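Asks: Starting off with a structure, shown below.
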Amino acid sequence: ENESSVSITVVGASGDLAKKKIFPALFALYYEDCLPKHFTIYGYARSKMTDAELRNMVSKTLTCRIDKRENCSEKMDQFLKRCFYHSGQYDSEDNFSQLDKKLKKHEGGRVSNRLFYLSIPPNIFTEAVKCASLSASSYNGWTRVIVEKPFGRDSESSAALTKTLKQYLAEDQIFRIDHYLGKELVENLSVLWFANLIFEPLWSRRYIRNVQLIFSEDFGTEGRGGYFDNYGIIRDIMQNHLLQILALFAMETPVSLDAEDIRNEKVKVLRSMRPLRLEDVVVGQYKSRSRGGVTYPSYTDDKTVPKDSLTPTFAAAALFIDNARWDGVPFLMKAGKALHDRRAEIRVQFRHVPGNLYNRNFGTDLDRATNELVIRVQPGEAIFLKINNKVPGLGMRLDRSNLNLHYAARYSKEIPDAYERLLLDAIEGERRLFIRSDELDAAWALFTPVLAELEEKKIIPESYPYGSRGPVGAHYLAARYNVRWGDLD
Ligand code: BG6
């Protein structure tokens with residue numbers, strides 16, 4: 001009887017994120033036996049819906065992803081029986097206290113732990129936090145709230161949001177998600193560096209020439225223009241996903257693998273960085289292009305985007321960490337929508353070998369001979385190490401070849417979705433992969449000045465055709481720091 005129960009309430013249950021990611025991730029956890037024995041899932045949203053209708057909606061996006069050979073319909077049915085629906089306004093304490101009554105029934109007097117996943121737009125966010133925490137908090141177990149970005153639009157609005165959240169919740173109840181931290185290869189970064197002697201000593205300005213963080217999507221903002229136009233690619237991808245990867249990549253060895261120790265090191269990296277300067281950023285916006293009989297739209301063709309919008313859908317930036325380890329090493333970021341491919345990767349370019357006997361084999365282009373470590377976060381998770389190798393034969397010709405670790409070939413188990421890892425961690429109270437408020441402040445401090453300048457000076461983004469490799473300005477920016485984008489080779 002002492003066993004505790006967990007109630008998970010997805011606030012904004014009919015939204016896209018809930019349908020595509022949260023419910024499927026919860027099902028995957030259930031399938032893998034990772035959810036506690038006594039759990040209940042509630043969808044909460046404004047529209048009227050019965051439990052049966054919610055189950056029907058949720059069932060459409062559940063898949064047997066984990067073990068494709070097995071028919072998991074029985075498990076799906078069992079899972080769906082644990083899902084319920086409560087209709088309510090996001091700013092109504094009454095509606096949340098009705099939910100509280102329902103949750104209590106399921107909890108049956110056990111110690112009750114409650115997790116709220118707020119999957120709702122920012123303007124209704126704080127009201128929902130207030131109502132959920134005042135009216136549906138657990139009274140004898142823990143209450144945790146998962147929140148999604150945007151966490152404000154700049155330092156000031158983010159600080160205001162944090163302040164409001166803290167009126168109702170303690171910092172250790174707030175789980176700020178950056179779903180990139182839940183990606184397998186991002187989590188592996190520390191293992192790669194800290195657990196491998198062949199990398200650990202190389203991880204510094206001494207041997208690393210530059211680091212590239214690349215995010216591209218081969219589709220535009222179709223359907224999300226309303227949200228996107230208010231934020232732009234720097235806020236949507238760079239300030240969070242790419243910067244988080246950078247911090248994990250560049251941090252010093254933490255005292256332990258404890259969440260506070262790791263986040264302390266990440267904050268130190270962020271606080272050692274120079275705020276991004278206007279001359280170190282290039283912005284772009286995609287324009288329509290016809291190809292193979294298909295016409296792809298311009299960003300501003302979206303009805304929810306103003307015709308004269310200057311919001312960047314692409315940005316490239318050069319960032320620097322002013323500490324002993326990374327002094328002078330450019331960290332180049334590139335993020336864009338409607339580009340020629342979809343990928344997220346980290347590329348580490350090493351320095352030239354001093355006095356290399358084989359230099360002449362590379363002609364004048366010594367850059368072609370640098371070692372490069374490529375961490376492909378997605379799609380097709382992989383790690384490549386580019387080394388110079390003799391082309392077999394009687395002559396002496398070198399070329400750069402890859403040592404490849406393709407996850408699909410090496411590991412038979414399906415890689416979990418980022419949301420599975422993060423939901424499980426939130427249920428278990430593991431904070432390692434969630435953003436602490438001082439991290440968030442430090443992240444905004446790096447981008448707020450340049451964002452304000454871009455907007456005040458009405459900087460016109462360079463246009464690039466839909467499906468291209470992005471604006472040419474990104475090459476000039478990299479070239480200024482002696483860098484060639486590795487993804488273009
Ligand atoms: C989100 C951004 O955080 O990440 C989206 O708001 C982007 O614009 C998405 O498409 C990319 O996530 P993933 O996991 O599909 O690479």
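The values are calculated or read from the model by the stated rules, or taken from the named source; none is laboratory data. Values in this document were obtained by computation on a predicted structure and should not be read as measured data. Because the Cβ atoms are built from the backbone with ideal geometry, glycine has one as well, and the counts that use them run over all protein chains shown. All accessible areas refer to the heavy atoms of the entire protein, side chains included, with ligands and DNA or RNA removed. Shrake-Rupley method; radii C 1.70, N 1.55, O 1.52, S 1.80 Å.
Asks: Taking THR221 and the conditions (1) outside any helix (DSSP H, G or I); (2) farther than 30 Å from PRO354 by Cα; (3) open to solvent by 10 Å² or more (accessible area, probe 1.4 Å); (4) not small (Gly, Ala, Ser), which numbered condition does it fall short on, given that it satisfies the others?
Replies: Here THR221 clears every test but (3).
Asks: Mind counting the residues in segment 28-67 that are open to solvent by less than 20 Å² (accessible area, probe 1.4 Å) and touching a Lys or Arg at 6+ places or on another chain (Cβ under 8 Å)?
Replies: So the answer is 6.
Asks: In segment 320-358, how many are surrounded by 14 or more Cβ atoms within 10 Å (Cβ to Cβ) and within 19 Å of the chain's Cα centre (by Cα)?
Replies: Adding up the residues that qualify gives 14.
Asks: Look through segment 290-306, keep the residues that are of a type outside the set (Gly, Ala, Ser) and assigned to a loop (DSSP other than H, G, I, E, B), and return whichever of them is farthest from PHE228 (Cα to Cα).
Replies: PRO297
Asks: Quick check on segment 233-244. Is at least one of its residues over 30 Å from SER119 (Cβ atoms) and away from the ligand (no atom under 12 Å from the Cβ)?
Replies: Within segment 233-244, none of the residues are over 30 Å from SER119 (Cβ atoms) and away from the ligand (no atom under 12 Å from the Cβ).
Asks: Could we say that PRO312 is within 16 Å of the ligand (Cβ to nearest atom) and open to solvent by 20 Å² or more (accessible area, probe 1.4 Å) here?
Replies: It is true that PRO312 is within 16 Å of the ligand (Cβ to nearest atom) and open to solvent by 20 Å² or more (accessible area, probe 1.4 Å).
Asks: A further question follows. Does segment 165-179 contain at least one residue that is part of a loop (DSSP other than H, G, I, E, B), in contact with a helix residue (DSSP H, G or I) (Cβ under 8 Å, 6 or more places away or on another chain) and among the hydrophobic types (A, V, I, L, M, F, W, C)?
Replies: yes
Asks: When you go through (1) away from the ligand (no atom under 16 Å from the Cβ); (2) hydroxyl-bearing (Ser, Thr, Tyr); (3) open to solvent by less than 60 Å² (accessible area, probe 1.4 Å); (4) in contact with a Lys or Arg (Cβ under 7 Å, 6 or more places away or on another chain) one by one for TYR168, which number turns out not to apply?
Replies: Answer for TYR168: the failing condition is (3).
Asks: I'd like to check something: does segment 373-380 contain any residue that is away from the ligand (no atom under 16 Å from the Cβ) and either on the phi < 0 side of the Ramachandran plot or open to solvent by less than 50 Å² (accessible area, probe 1.4 Å) (or both)?
Replies: yes
Asks: Could you list, in sequence order, the residues of segment 423-445 that are open to solvent by less than 50 Å² (accessible area, probe 1.4 Å), charged (D, E, K, R) and assigned to a helix (DSSP H, G or I)?
Replies: Result: ASP425, GLU439.
Asks: Shifting gears a bit: Could you please let me know if GLU420 is charged (D, E, K, R) and either open to solvent by 50 Å² or more (accessible area, probe 1.4 Å) or part of a strand (DSSP E or B) (or both)?
Replies: Judged against the criteria, GLU420 is not a match.
Asks: Here are the criteria: (1) within 30 Å of LYS457 (Cα to Cα); (2) more than 16 Å from the ligand (Cβ to nearest atom); (3) in a loop (DSSP other than H, G, I, E, B); (4) hydrophobic (A, V, I, L, M, F, W, C). Tell me which single one LEU197 does not satisfy.
Replies: (1)
Asks: Just a yes or no: is a residue in segment 80-87 open to solvent by 70 Å² or more (accessible area, probe 1.4 Å) and modelled with pLDDT under 95?
Replies: No, segment 80-87 has no match at all.
Asks: Quick one: which residue in LEU440, LEU394, LEU385, LEU424 is in contact with a helix residue (DSSP H, G or I) (Cβ under 7 Å, 6 or more places away or on another chain), of a type in the set (A, V, I, L, M), away from the ligand (no atom under 16 Å from the Cβ) and on the phi < 0 side of the Ramachandran plot?
Replies: LEU424
Asks: Follow-up. Given the conditions (1) of a type outside the set (Asp, Glu); (2) assigned to a helix (DSSP H, G or I); (3) surrounded by fewer than 18 Cβ atoms within 10 Å (Cβ to Cβ), and given that ALA474 satisfies all but one, which numbered condition is not satisfied?
Replies: (3)
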